[in-house]
């Protein structure tokens, strides 16, 4: 018998969640390894991101990701090694960032692949140097615009974007307060991630604790959650404050999103608050400079990204479900191959 | 018997409204005419503004106007004639804008009085050249920032601020759509106030009609109302749209304000919307230039402010209650004396 060719293991969306996302909304299948066409490369996925924002793509409601589908490979950005190349621009063995999805192998047009250097932990390309880091960077600096001694509040503060926002705000001279889900995570925010103060939104005294932690009010709120945390924060904003609307993680994992926070637009007027949504893709022409800045902060030790690595493609659905329940610290990614 | 001195008729706040404001929340009293002290002037009120924003000052909830009180003269900006002056800077007979309140006579420090020219209808100083016009001007141009061919949507479009926003937006080359309360007012928006299209929010098909009237979406929404209109408009905003949050008239006349609109912050993110509250007082250092621009637009006929003049101080409470019910077109003011 001939040697069996290795399969391409793929995690497909099997069904759309009606309430909370569950592991069995996914299925693991095997298919033949695809073949690269002209000006395409075959990539072997080494690491793939598990991103909370992908939950929106599974939702029937309005989302920038378009209408949801089943029986397709779950999307996700990966770091991959070129295994086969039909382009002079890419050599076999080179490392790239590509929209690999949750699978072992994928074929891409070269225009969809970005070469990366191996002078730094490759996980950072999915974290601080990837969409998360760029989101933190542009959302905080271009939308939130903190100045020295501002109080910057961050929700989902231990998360993939949040933990970088807090650190970048510190680099810019702000005082930082993180909102997270548990007292254990609060301790970690202060001990490991450099936050000046922290609050658990699950605390019975959340509003009072938020007020105490932000004794001088909030100048910049980097909002990854929306919902109750946004609602409570509106009352703590200082005059002229800025709210950078980055994500709505409180509303992703449900098919019945809650109403908007009270106090809008009344509090926005009384306090002259600017509330602005953004998507990182709008800053694409500035990615190169931002990545260069972020990389230099990492190399100098000013920025310490946390990569939360789960081992094995088959663990991806559980890693995602757990992420949505607030289980991660830093950027969650799944290691698929060396 | 000596001649009876004329009384100072005053409209006092008699009680705070628990639900909707009513005429009997006010009472008309007479008191002696006050006497000006050093560096003060005695003013005879000629016209006084009836402003929807004053309703917030009667509310127990958070408001920039501070905590409400009873048995005080209802506040309002007036045009007045100086009757007695203890200041070299003001001569008897000169016209001023001052915080007259709803009364015949009031005494002010000269620093609270602004001299005005009589080269234009004096009502304009309470409308297009007063807080309403400045609010329209700064909110639209500094916060909304319309560019040529933008679609600018205005709620309370026939109102004191709204009818000026629509006209200024037209001067800046935008297409304008007004939201108002009745089909009669819609016709008037288009026939008399220069709006390109209009929608009644009381229509059973409001959302569909709004969509049809804003076929290219909404680039700038000048929000005077909040509530349902804001909620519906969020779904019509174009990518990169701006919402200038000016007022919350939908929430003023109630002691139980509704929750915030759905879609916040989700839609703000998907569409990269900027939503910003403002108060006109923050632009005080630019008032002079703005007034000069507004006056030149009026004199050139490009801006046609509508002054909705009600005759007689005793009509002020009814004029205010009716204003809050959406009964006015343009800037409502009460004429008290010639």
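Every read-out reported here was derived from the displayed coordinates using simple, explicitly stated rules and does not represent laboratory data. Fair warning: this is a prediction, and the values are worked out from it, not measured in the lab. Every residue, glycine among them, receives a Cβ derived from its backbone with ideal geometry; neighbour counts consider all protein chains shown.
Stretching the chain fully between residue B:299 and residue B:29 yields a gain of 93.2 nm (0.36 nm per residue, less the alpha carbon separation).
Within 10 Å of the Cβ of each residue in A:270-283, the mean number of Cβ atoms contributed by other protein chains is 6.
Nearest to the axis that brings chain B onto chain A is this chain B residue, judged by its Cβ, with the distance in whole Å: B:260, 2. Once you reduce segment B:192-218 and segment B:109-180 to the center of their Cα atoms, the two points are 20 Å from each other. Peptides A:36-46, A:260-270 ordered by packing proxy, namely the average of other Cβ atoms within 10 Å per residue, highest first: A:260-270, A:36-46. With both residues required to sit in the protein assembly as shown, DSSP beta bridges show an antiparallel share near 55%.
Label-point spacing for residue B:211 across the identical copies (point 7 Å from Cα in the Cβ direction), in nm and ascending order: 4.3. For the residues of A:225-231, the average number of beta carbons from a partner chain within 10 Å of their own beta carbon is 2. Sorted from shortest to longest, the distances between the residue B:191 label points of this copy and the other copies are 7.5 nm, with each point 7 Å from Cα along the line through the beta carbon. Computed on chain A, with alpha-carbon pairs under 8 angstrom and 6+ residues apart, the relative contact order is 19 percent.
Helical runs assigned H by DSSP (4 residues or longer) give chain A a calculated mean residue ellipticity at 222 nm of -6000 deg cm²/dmol, each run adding -39500 (n - 2.57) before division by the residue total.
Only Cα pairs under 8 Å and 6+ residues apart enter the sum, and on that basis the relative contact order of segment A:221-338 stands at 21 percent.
Contact order, relative form, for segment B:131-281: 23 percent (alpha carbon pairs under 8 Å, 6 or more residues apart, mean separation divided by residue count). Label-to-label distance for residue A:72 and residue B:239 is 1.8 nm, based on points extended 7 Å past Cα in the beta-carbon direction. Scoring A:190-197, A:230-237 by mean Cβ neighbours within 10 Å over their residues and listing the highest first yields A:230-237, A:190-197.
In this structure, residue B:202 and residue B:14 have a Cβ-Cβ separation that, at R0 = 41 Å, corresponds to a calculated FRET efficiency of about 0.85.
Between residue B:337 and residue B:262, the distance separating the two model label sites (each 7 Å from Cα on the Cα→Cβ line) works out to 5.6 nm.
Need the C-alpha centroid separation for segment B:223-249 versus segment B:292-338, integer Å. Taking the Cα centre of each part, segment B:223-249 and segment B:292-338 sit 25 Å apart. Remark: label point of residue B:29 defined 7 Å out from Cα along the Cα-Cβ vector; separations to the same position in other copies 8.2 nm, ascending. Counting only DSSP beta bridges with both residues in segment B:131-281, the antiparallel share comes to about 0 percent. Where both bridge residues fall in chain A, DSSP classifies roughly 55% of the beta bridges as antiparallel.
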